[in-house]
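Asker: This is the structure, below, for whatever I ask next.
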Amino acid sequence: EAGKCEVYWNLTKVDANQLLDLAVNKLEKLIEDVGGVENVTEENMPEAHIRGDVRTPYRCIGGAIFTMQRAGFQRVGFISEPLPGGAVQRF
């Protein structure tokens, strides 16, 4: 469906509510793994990575970033997928 955002957690398609739940659970586990929030440092601060390709509308990327921030991730990185045939494209 045109204009609709598709979001995946790893390879599983999720809706916005599922994404939020998965993100909260993941963040809680990452914090637990370092021994609690008091042990989170600049070096081990959990980070979310969002991947999209050149055809992904910005509002879809923005929505995913917002959801990850809402879940508590302070660091959200974006990984872009270049067009096939090379990383450099001139427009």
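The values are calculated or read from the model by the stated rules, or taken from the named source; none is laboratory data. Fair warning: this is a prediction, and the values are worked out from it, not measured in the lab. Reconstructed Cβ throughout: ideal geometry from the backbone, glycine too, with neighbour counts over all protein chains shown. Areas reflect the complete protein model, heavy atoms only, side chains present, ligands, DNA and RNA absent. Shrake-Rupley method; radii C 1.70, N 1.55, O 1.52, S 1.80 Å.
Asker: Using only the Cα atoms of segment 8-49, what are the Rg and Dmax in Å?
Answerer: Answer for segment 8-49, Rg first and Dmax second: 11.9, 33 Å.
Asker: Which trypsin sites (Lys or Arg not before Pro) from segment 23-55 combine a DSSP loop assignment with at most 16 other Cβ atoms within 10 Å?
Answerer: Those satisfying the criteria are Arg55.
Asker: Oh, and also: Given a 1.4 Å probe and the protein chains all in place, what does the accessible area of Thr56 round to, in Å² to the nearest 10?
Answerer: 50 Å²
Asker: Calculate one ³J(HN,Hα) per residue across segment 51-58 by plugging θ = phi - 60° into the Karplus curve 6.51 cos²θ - 1.76 cosθ + 1.60, and present them in order as whole Hz with x for glycine and proline.
Answerer: Working through the residues one at a time gives 10, x, 10, 5, 8, 6, x, 4 Hz.
Asker: I'd like the accessible area for Glu28, computed on protein heavy atoms only with a 1.4 Å probe and all protein chains in place. Round to 10 Å², please.
Answerer: 110 Å²
Asker: What are the ³J(HN,Hα) couplings of segment 36-47, residue after residue, when phi is run through the Karplus curve with 6.51, -1.76, 1.60 and θ = phi - 60°? Round to Hz, x for glycine and proline.
Answerer: x, 4, 5, 9, 6, 10, 4, 6, 10, 4, x, 9
Asker: May I pose another question? Quick one: accessible surface of Glu6, probe radius 1.4 Å, all protein chains present, in square angstrom to the nearest 10.
Answerer: Glu6 exposes around 110 Å² with every protein chain in place.
Asker: Let me ask something additional. Calculate the spin-label point distance for Trp9 paired with Gln74, positioning each point 7 Å from the Cα along the beta-carbon direction, and give it in nanometres.
Answerer: About 2.4 nm, to one decimal.
Asker: Multiplying the sequence separation of Asn25 and Val37 by 0.36 nm and subtracting their Cα-Cα distance, what value in nm do you get?
Answerer: Residue separation times 0.36 nm, minus the Cα-Cα distance, leaves 2.9 nm.
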